[in-house]
Amino acid sequence: MIILVTGLVGIDKKQYLADVCELARSRGKTILLCNVGDMIYAEAPDIAPGRILDISLQRLHSLRRSVFKDIIAKSQDYEHIIVNTHATFRWRHGLFPAFDFYQIRQLNPDLYICMIDSIEPLHVRLTAEHHIRHSLKDLMVWREEEMLATEMMQKGTSENTPCYCLARGTEQGTIETFYQLAFEPWRKKVYLSFPMTHVAGLPQTLAEIHRFRAAMKEQFICFDPGDLEEAYLPYYAEQAAKEGRKGIEMEVLGKQLCLEVQEIRQIHRDINSQIYARDFALIDQADRIISFIPALPDGRAAISSGVERELQHAHEAAKDVYVIWTAPSDPSVFVTQTATRVFKTADEAIDYFTQENSSAEKLLF
């Protein structure tokens, strides 16, 4: 299994992938992790740490090709290998590719994964660890560029090879999901759908959603929009503005962070457009969608227009659509007509999927 992993600077992919390798080792699999950046610095000890993008493009491309040549050779001797690299570079030279189609075809990955992360942890890591001047708008653009370039890399080398977008998540995050994508392909891939901004400030409802997410992740490979939480930023920015505050304060990665209201307003449209495009892409890379629609404190269903669009998109893509509807009122025809099955409680759905997975495992093993 050769896995090629991309993602922009600030995600801390190296530590994340080291944790993936440790999880694999605990389950009897040995993975060679090739961090392309470290290998380039080892190849050119005269380059000071953090200054690799300051050298000429000609030398950078030459060093990268030399490193990939070594990785291609090593891939013949290892059963499993992860290549940690980038799809794009953006520096004083402008925007340019960080890969060579010819060498990627030689490497012939079995799986492409583009890692993404929320702009808050990206901002914190880049500020603390890198001398890269950036705005929140820059982070939105860089992330989108990396995703697009990864897709182009995959389509330009082997269009039938699986390619996934995967959020890093917080703490242990999506390490288990990464492992499942690589080594447990028989598991169903599920997009989790649930209201987000619609239920901000409702702790009991948020707790129900958290329980639903955790339960589904025990049974499926889950693409969870909650692993990349930016939708709430404009909401909290407007709340701060109404109270006369110029910024919103939060704790991110154990550090206090203050984001200016004005800067968040500048990326409001970017956040919305990227959520719209990314969530549909996550549905497309899943086998099914499971939507949890909780009841609000007044008994109404907490269904947003975003959730309705996700259900419709999944239905039109011929995906299985499962809905957990806990409100006393019946769901509308626009829900029932797209749903494969509607459950009245989360427990009912969990029992159903547990039995379904148990039957599938008996057939498989």
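For segment 255-301, a residue qualifies if it is part of a loop (DSSP other than H, G, I, E, B), among the hydrophobic types (A, V, I, L, M, F, W, C) and closer than 25 Å to V333 by Cα, and the qualifying residues are A286, L296.
Here is a yes/no grid of residues against (1) at negative phi; (2) at pLDDT 90 or above; (3) more than 16 Å from the chain's Cα centre (by Cα); (4) buried (at least 20 other Cβ atoms within 10 Å of the Cβ):
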site: R269; (1), (2), (3), (4): yes, yes, yes, no
site: L282; (1), (2), (3), (4): yes, yes, no, yes
site: D287; (1), (2), (3), (4): yes, yes, yes, no
site: I290; (1), (2), (3), (4): yes, yes, yes, yes
site: P294; (1), (2), (3), (4): yes, yes, yes, yes
site: G299; (1), (2), (3), (4): no, no, yes, no
site: S304; (1), (2), (3), (4): yes, no, yes, no
site: L311; (1), (2), (3), (4): yes, yes, yes, yes
site: A314; (1), (2), (3), (4): yes, yes, yes, yes
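So is Q204 surrounded by fewer than 17 Cβ atoms within 10 Å (Cβ to Cβ) and polar (S, T, N, Q) or not? Against the criterion (surrounded by fewer than 17 Cβ atoms within 10 Å (Cβ to Cβ) and polar (S, T, N, Q)), Q204 qualifies.
Annotation note: of R64, R90, the sole residue that is part of a strand (DSSP E or B), under 24 Å from T157 (Cβ atoms), in the same structural domain as A149 (by TED's automatic domain parsing) and under 28 Å from the mean Cα position of the chain (by Cα) is R90. Within the option set R278, R245, being more than 16 Å from D117 (Cα to Cα), basic (K, R) and in contact with a helix residue (DSSP H, G or I) (Cβ under 9 Å, 6 or more places away or on another chain) holds for one residue only, R245. As a summary of the residue check, G169 satisfies the conditions (1) touching a helix residue (DSSP H, G or I) at 6+ places or on another chain (Cβ under 6 Å); (2) assigned by TED's automatic domain parsing to the domain that holds R27; (3) modelled with pLDDT of 95 or more except for the one numbered (3). Residues that are among the polar types (S, T, N, Q) and in a helix (DSSP H, G or I) do occur in segment 302-313, at least one of them. Going through (1) touching a residue at least 40 places away in the same chain (Cβ under 8 Å); (2) loosely packed, with under 13 Cβ neighbours inside 10 Å; (3) hydrophobic (A, V, I, L, M, F, W, C) one by one, A48 falls short only on (1).
Looking at A200, is it of a type in the set (A, V, I, L, M) and at pLDDT 90 or above? No; evaluated as a whole, the condition is false for this residue.
The lone criterion from (1) of a type in the set (G, A, S); (2) under 22 Å from E208 (Cβ atoms); (3) part of a helix (DSSP H, G or I) left unmet by A327 is number (3).
Every residue, every condition in (1) more than 30 Å from K29 (Cα to Cα); (2) outside any loop (DSSP other than H, G, I, E, B), yes or no:
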residue: G50; (1), (2): yes, no
residue: Y78; (1), (2): no, no
residue: L95; (1), (2): yes, yes
residue: Y102; (1), (2): no, yes
residue: Y112; (1), (2): no, yes
residue: M115; (1), (2): no, yes
residue: L122; (1), (2): yes, yes
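Residue-level analysis places L122 among those that are crowded, with 20+ Cβ neighbours inside 10 Å, of a type outside the set (D, E, K, R) and touching a helix residue (DSSP H, G or I) at 6+ places or on another chain (Cβ under 8 Å).
The values are calculated or read from the model by the stated rules, or taken from the named source; none is laboratory data. Quick caveat, the model's predicted, so the values are computed rather than measured. Here the Cβ is made from the backbone with ideal geometry for all residues, glycine too, and neighbour counts use every protein chain on show.
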